[in-house]
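The structure appears right after this line, and notes come after that.
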Amino acid sequence: MLIKTKICKRCFKNYIPSLIEELFYDKSEFCLDCLNKLENKIRYFKLCDCKCESLYDYENDYESKTVIDLIKNKYDIELTNMFIIKYLLYLKIKFYNYTICFAPSSKSSFNKRGFDHLHEMFKLLNNKKIDCFIKTQDIEQKHLNKVERLNINKYIKLNIDKKELKNKRILLVDDVMTTGSTLKACLELLKTCECKKIMGLVLLKHI
Ligand SMILES: [Zn+2]
């Protein structure tokens, strides 16, 4: 019998996926040891009257922090799926008929990385996806102080015709939520589009 071994993209060790892993972590290229180091921590919260949820903690989870840093600052495209894998089935069912709208990211970071990290992170979800926002000034969030972050709404605009979102169920997604001001700005804009429902999902949240 042929035993199917895979190489984990996080620790580079060979591993044999169990039947359970094959079923639940479909398309995973990470060993269970590495996946288990990411601590599942779903949190529910409301922003602009919209139900939102986050999947991991930013502060207390060393591995989540390391992986997001490797993706965003060391440009490791191979790790982009790691956050979604553990929740894939849950997200596929819960947001089955939702259109995914990506929070806007800065053009200069995209140029540096050579890939759109948000698109890559949500690639395993087969939902329709729209880039419906643009930043009118190319600013990287990490270079902003707290007051500037809170004023981010000045620089975020809709990039599409509002009719495209009318009567649709929308899931706004982002990778890391710090002050929540980007998400709030996006949600306020979405609320002007007569959507059927608007929800938010972030991978990592600062407490
Ligand atoms: Zn591993």
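Data for the structure
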{"quantity": "CD proxy at 222 nm, helix term only [per DSSP H run n ≥ 4: -39500 (n - 2.57); per residue of the chain; nearest 500]", "calculated": "-7000 deg cm²/dmol"}
{"quantity": "Relative contact order (%) - criterion: Cα under 8 Å, at least six apart; region: the chain", "calculated": "22 percent"}
{"quantity": "Low-density loop positions, trypsin sites (Lys or Arg not before Pro), segment 53-130 - DSSP coil, at most 16 other Cβ in 10 Å", "calculated": "74, 123, 128"}
{"quantity": "Sparse-neighbour loop sites [chymotrypsin sites (Phe, Trp or Tyr not before Pro); segment 12-85; at most 16 other C-beta within 10 Å; DSSP]", "calculated": "12, 75"}
{"quantity": "Cα-based helix-to-principal-axis angle, 62-72 vs the chain, degrees rounded to 10", "calculated": "70 degrees"}
{"quantity": "Principal-axis tilt of helix 181-190 within the chain, Cα atoms, nearest 10 degrees", "calculated": "70 degrees"}
{"quantity": "Most mobile listed residue (33, 61, 131) in the chain, GNM with C-alpha springs under 10 Å", "calculated": "33"}
{"quantity": "Those residues of segment 170-201 whose amide nitrogen sits under 15 Å from the label point placed on residue 65, 7 Å along Cα→Cβ", "calculated": "177-178"}
{"quantity": "P(r) of the chain over all Cα-Cα pairs, binned every 10 Å from zero, in whole percent", "calculated": "8, 34, 36, 16, 5, 1, 0"}
{"quantity": "Full-stretch length increase - residue 27, residue 13 - with 0.36 nm per residue and alpha-carbon distance subtracted", "calculated": "3.3 nm"}
{"quantity": "Contour excess over end-to-end distance, with Cα ends at residue 134 and residue 116 and 0.36 nm allotted per residue", "calculated": "5.1 nm"}
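No value in this document is a laboratory result; all are computed from the given coordinates. Owing to the predicted nature of the structure, the values given are computational and were not obtained by experimental measurement. Methodologically, a virtual Cβ is constructed for each residue, glycine included, from the backbone with ideal geometry; neighbour enumeration extends over all protein chains shown.
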